[in-house]
1. Check off (1) without any contact (Cβ under 8 Å) to a residue 24 or more places away in the chain; (2) touching a helix residue (DSSP H, G or I) at 6+ places or on another chain (Cβ under 9 Å); (3) within 21 Å of residue 131 (Cβ to Cβ) for residue 30 and give me the number that stays unchecked.
2. Please work out which one of (1) surrounded by 15 or more Cβ atoms within 10 Å (Cβ to Cβ); (2) assigned to a helix (DSSP H, G or I); (3) modelled with pLDDT of 90 or more is the condition residue 85 fails and give its number.
3. Exactly one of (1) more than 42 Å from the chain's Cα centre (by Cα); (2) buried (at least 20 other Cβ atoms within 10 Å of the Cβ) is unmet by residue 284. Its number?
4. Looking at (1) modelled with pLDDT of 90 or more; (2) not in a helix (DSSP H, G or I), can you tell me which one residue 43 breaks?
5. Of the residues that sit in the stretch 240-263 and are closer than 12 Å to residue 224 by Cβ and assigned to a loop (DSSP other than H, G, I, E, B), which one is nearest to the chain's Cα centre (by Cα)?
6. Going residue by residue through the stretch 143-152, is there one that turns out to be over 27 Å from residue 59 (Cβ atoms), assigned to a loop (DSSP other than H, G, I, E, B), in contact (Cβ under 8 Å) with a residue 24 or more places away in the chain and touching a helix residue (DSSP H, G or I) at 6+ places or on another chain (Cβ under 6 Å)?
7. Just to be sure I understand, how many residues within the stretch 1-29 are assigned to a loop (DSSP other than H, G, I, E, B) and exposed (fewer than 12 other Cβ atoms within 10 Å of the Cβ)?
8. State the number of residues belonging to the stretch 138-167 that are more than 9 Å from the chain's Cα centre (by Cα), modelled with pLDDT of 80 or more, surrounded by 15 or more Cβ atoms within 10 Å (Cβ to Cβ) and under 29 Å from residue 88 (Cα atoms).
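The values are calculated or read from the model by the stated rules, or taken from the named source; none is laboratory data. Just so it is clear, the structure is predicted and the values come from calculations on it, not from any experiment. Neighbour counts are summed over all protein chains in view; Cβ atoms, including those assigned to glycine, are modelled from backbone coordinates with ideal geometry.
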């Protein structure tokens, strides 16, 4: 104890928030000797409960501890649903900030966040570390993990790698899509290059140069509903068409007569299949679509 310096004693008592008794135990000395050293170095004793009188309420590390307590115990706190709402709490030894500080101060950095290794377990010294923003985002319990070519990605990572919007990947995942199908490119640009579809996109989704007799939104919904919201050629669903091509199923006039909008002359096709019917061999497609309708709806 005779060789202890002011800096060491200040660090133990003020920074590490150790009590005089703990310092005595660490150095194998007596209470009075430590007290006399404090007087010698001008270190004033802290009165009251050292567990709360730590003078660190405005520090970032204190905010980390306080946020941990909030998400575990306060139902109105942001993040409580995924933490305290799932029965997750924190170690009994971390009830007071000073104890948390002693355990976690050594590896603390201002640009890191308190992160758990296992999101299903409580906050504790063995289950926590100071993680970066990317690590925290990756390990978030609310984050979707997907596997593509035997590699694990977050939706954000997959979006950056494959150039697909993160919301699109999330929507596909919720629909049950998995693997490479999650990051298939949206083929809207391909459809725009089909001659039959150019006018459709140029005019905001309306074929202004054509008149459709007896055909409108109600008729389109009726035909798509009759066809179980599926393309009758490739069987892609209406929802998949929206996600993959950026638009819903199209209605095709089988005999290419736009004035004939009778139900038997209308069939649901995805944008790609519909484009094919107007590019080549119309006789083939008229016969094929007629056969599909006959086989499916024959009396």
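1. Failing condition for residue 30: (3).
2. So residue 85 meets the others, but not (1).
3. Only one criterion is unmet by residue 284, namely (2).
4. (1)
5. 248
6. Checked the stretch 143-152: at least one residue is over 27 Å from residue 59 (Cβ atoms), assigned to a loop (DSSP other than H, G, I, E, B), in contact (Cβ under 8 Å) with a residue 24 or more places away in the chain and touching a helix residue (DSSP H, G or I) at 6+ places or on another chain (Cβ under 6 Å).
7. Of the residues in the stretch 1-29, 4 are assigned to a loop (DSSP other than H, G, I, E, B) and exposed (fewer than 12 other Cβ atoms within 10 Å of the Cβ).
8. 3
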